1. Got a sec? Which residues in segment 223-241 would a label at Phe4 touch, if it sits 7 Å along Cα→Cβ and we count backbone N under 18 Å?
2. Based on alpha-carbon centroids, what's the gap between segment 178-247 and segment 105-142 in Å, whole number please?
3. At 7 Å along the Cα-to-beta-carbon direction for both Ser200 and Phe131, put a label point, then send me their distance in nm to one decimal.
4. Tilt of helix 217-252 relative to the longest C-alpha principal axis of the chain, in degrees (0 to 90, nearest 10)?
5. Can you tell me the FRET efficiency between Lys163 and Ser213 if r is taken as the Cβ-Cβ distance and R0 is 30 Å, rounded to the nearest 0.05?
6. Residue separation times 0.36 nm, minus the C-alpha to C-alpha distance between Glu251 and Gln180: what's the value?
7. Can you give me the convex hull volume of the Cα atoms of segment 1-143, divided per residue and expressed in Å³?
8. Using a/c under 1.5 as the rounded threshold, could you call segment 135-181 rounded, prolate or oblate? The axes a ≥ b ≥ c are square roots of the C-alpha gyration tensor eigenvalues, and prolate needs a/b larger than b/c, oblate otherwise.
Amino acid sequence: MYRFLMSRQWVILTLIGLVLVPTMIELGFWQLHRHERRIEQNSLIARNLEAKPVPMGELTSPGHTVPRSDYWRQITATGTFDTAHEVVVRRRTNADDRVGFHVLTPLVLADGRAVLVNRGWVPAAADQTAFPEVPSAPDGTVTVTGRLKADETTGASGIKDLKDLPPRQVMLINSEQQAQLLERQVLGGYLEQTVPKPGSGGPELIPTPDHDSIGAHLAYAVQWWLFAAAVPVGWVILVRREKQDRAAAKESTPEPEPAAA
């Protein structure tokens with residue numbers, strides 16, 4: 001009755017179904033894990049943004065790799081801006097997705113060490129190789145408050161660290177790279193400035209990271225699992241239909257007439 005299942009067509013169809021079901025189940029768990037990671041990251045961001053600001057030197061030091069648990073921690077640093085060694089970071093977008101630069105200015109502390117401060121976004125000049133117009137950093141001693149971020153690397157960011165760039169332009173924010181240029185110790189990671197707020201025409205501060213939306217990963221997970229459940233159901237429906245079609249074809253086939261004596 002079900003001998004047709006041994007045909008080449010049905011064997012291939014069954015094997016495809018057997019491959020699709022575990023694949024779709026795995027894709028569903030992959031989306032579920034992405035959902036869980038997003039929830040965990042949102043909680044981390046919210047927790048660190050609400051924490052009381054602490055001096056940057058309490059969380060990092062020269063050569064230190066900022067752990068993920070300290071990302072977005074509220075920190076402070078007091079010193080004077082070294083605008084002579086200010087650089088801009090290429091190919092950065094603002095809240096409106098306009099491409100420009102991030103302004104990276106060293107803040108020299110009282111002990112001679114430096115902190116990299118991302119002062120915000122500025123638009124690119126018409127000539128991409130030209131240094132953009134950057135509003136001046138405050139003079140004298142200033143206390144800067146912001147979010148702690150880890151050094152950017154080619155592996156983590158996916159950005160290629162180009163070597164042949166116009167003067168005072170870089171691709172990555174990296175404390176070890178800038179320490180070589182400054183010839184002084186630089187605390188690991190960098191400070192993403194939130195206070196003081198720049199005046200009119202100043203760099204656009206980096207927006208607070210989104211920690212409210214959770215995306216559609218959970219919905220995608222359920223969708224993949226529904227697809228996985230639909231495969232065996234569809235296979236059974238096709239088998240029954242094939243059986244009915246074969247039975248109907250057999251009934252409609254006329255009986256051969258007996259041969260004449």
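1. Under cut-off, by backbone N: 233-241.
2. Comparing the Cα centres of segment 178-247 and segment 105-142, I get a distance of 32 Å.
3. The modelled label-to-label distance comes out at 2.7 nm.
4. The helix 217-252 is inclined about 10 degrees to the chain.
5. Details: r = 37 Å, r/R0 = 1.25.
Efficiency at R0 = 30 Å is approximately 0.20.
6. Details: separation 71, 0.36 × 71 = 25.56 nm, distance 8.80 nm.
Extra length from Glu251 to Gln180 when fully extended: 16.8 nm.
7. Values: hull volume 32.5 nm³, N = 143.
Given the Cα convex hull of segment 1-143, per-residue volume reads 227 Å³.
8. oblate
The values are calculated or read from the model by the stated rules, or taken from the named source; none is laboratory data. Please read all numbers here as calculations on a predicted model, not as lab measurements. Counting neighbours? That spans all protein chains shown, and the Cβs are built from the backbone with ideal geometry, glycine included. Surface areas here come from the heavy atoms of the whole protein model, side chains and all, with no ligands, DNA or RNA. Shrake-Rupley method; radii C 1.70, N 1.55, O 1.52, S 1.80 Å.
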